[in-house]
Amino acid sequence: MTGGAGTPRTDLFWELAGLIARIPGLGHPLPLRRAAEAFAERFGPVDTERSGMLREDLYATLRACDSYPEGLRFYLDRLGSGRTGTLAWAAVEQMYLRLYPERLLTAAERDELCALLAQCPATTPLEPLARRFLPFLPRPAGKEAGGPGAVAELLDALEDALVLADEAHPLLSFVEAVAACLQRPLEAGLQAWNDKVAHRIGCPPQLLRRVRFRERARLGRPAEPYRLLVEIVAHPAAPDEYHVRGWLLSPARGPHSLLADRRVASRAALEETVAAVHQSALERLGELSAGLKVEFLLPRPLLWLDVDQFLVRPAGSVARPIGADHTVLVRSRDRFHKRYWWPALHRRLAWLETHPDGVFEAPAVRYVAHGRAPAPYDLLSELRDGETPFCFVLLDPPAYDGDLAADPVYVLLEVGVPAIVALRRQGHHAEARPQLGNLLAGRLDALPDRVRHLRGVGPGGGGSAVTLDLHRHVTLVWDSQDGLEGAEAALGHPRTGGGRP
């Protein structure tokens, strides 16, 4: 930063001396001598030649004090003691700010940011990113692009940038844009720096969070993607009639935008309604739709409904299964509404947190072979107090016959098993088990992403998996710490309940 709009610093000191000389009482030698004595005790004597002219002597004293770090600030504080509430002294402070403009960043913050930016790959477009938030950024003269001098110029300009209403400071926005281009741990380092500085300068957390979501969404890497929640129920007496409700769930909050609440009288109308809700979500979110997750809240009778295969038709594009574009999860409506089931779920989720490298294999995962559905009471006795298994794979998912007490799937929900992988296709069970194991192998917490990849491969992906079309027949029932807790007020209870596929 520079002192004043191109005004030489010598002229600013001369103007500052004139302002002080005109303040009543400061023309007397006593307050000047006391300020000089206090300065001498702290920094050393002020050696200047006396001319007998008040303004000239003040000018020389001010220049001498400025030769010490923070010396001028100290001298003015002592000289202005008891006068800080006057208009005359306010003019002195304004002139001091022209000599030493207030910095947005402390020296330590600036050094830390420069060190982080110095670690960025040479291909990181620092200057183009800065121009997004400061269109009139001057090009540093005689400095290599991306070099230390150029980075310092960028930060100077961004510190002085105009802050628009209801927007984060341009410097904070620039740092978020740079972080979104990088990988961890450098990305996390820049974000942590932003969090600290935003708190100190009083930037509301929601403004910084909005910038973070926007910048990552621009690159298709949303920090916390939006979620589309679709609840589907059907009355047992009319299984072909459905009640559909859809909401947008913003990151870290519950449902805040109702997109649909209607009855439909056929499976075809149900798919059309879901497609319309999906399109409405895309239009509302725009670039923030990157990484959108789609979650279906289904009762037990509809748990194996092939919602991931519902066709959606993004405007101007080809129709495709919704699971080919998005991570599609099924959440149990029964578990959501039975809060006394939650402690068991949280216990197993806690196991996953303490085993972050847990993989898709025993003891965390159990396969249930074709035709061997376990007895509900035996399953309850075995699992009610355990932390694992975390996931059940049902190669032949039990159909619902209306008797919850005889339903092993209901027991899995009750005892808090967070993940259930069900193969809806009948037959070929011997081949399905090894193929599912190979396709879903990896970290348990990344299971939704791998199922999304499986569905997105489609019949053109090659390999033996295509023989069984697994991508068309896999349901993932999933609950995690980012569940629907807190959404009760919006979800409530629909006008119908139960249902069967």
Using only alpha carbon pairs under 8 Å that are at least six residues apart, calculate the relative contact order of segment 6-128 and give it in whole percent.
-> 28
Cut-off under 5 Å, modelled amide H: who pairs with Leu305 long-range | none
Once Rh for segment 160-286 is found with the Kirkwood sum over Cα pairs, what is the Stokes-Einstein diffusion coefficient at 4 °C and 1.567 mPa s, in µm²/s?
-> 76
State the Cα centre-to-centre distance between segment 161-226 and segment 317-369 in whole Å.
-> 30
Roughly how many nanometres apart are two label points built 7 Å out from the Cα toward the Cβ at Leu311 and Asp77?
-> 7.5
Amide H to amide H under 5 Å from Phe310: which residues, 5+ apart in sequence or cross-chain, H placed 1.01 Å off N in plane?
-> Ile322, Gly323
Just need the relative contact order of the chain here, percent rounded to a whole number, with Cα pairs under 8 Å and 6+ apart.
-> 11
So what is the 222 nm mean residue ellipticity for the chain from helices alone, if each DSSP H run of at least 4 adds -39500 (n - 2.57) and you divide by all residues, rounding to the nearest 500 deg cm²/dmol?
-> -13000 deg cm²/dmol
In whole angstrom, how far apart do the alpha carbon centroids of segment 18-37 and segment 393-427 sit?
-> 87
Run the quick spin-label model on Ala405 and Asp449: label points 7 Å from Cα toward the beta carbon, then report their separation in nm to one decimal.
-> 4.5
In nm, to one decimal, how far is the Asp166 label point from the Arg267 one, both placed 7 Å along Cα→Cβ?
-> 4.6
Sort largest first and round to whole Å: the equivalent ellipsoid semi-axes of the chain, each the square root of five times a Cα gyration tensor eigenvalue.
-> 67, 23, 22
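Each value in this text was obtained by applying a stated rule to the coordinates, not by laboratory testing. Just so we're clear, the structure is a prediction, and the values are computed from it rather than from any experiment. All Cβ positions, glycine included, derive from the backbone under ideal geometry; neighbour counts span all protein chains shown.
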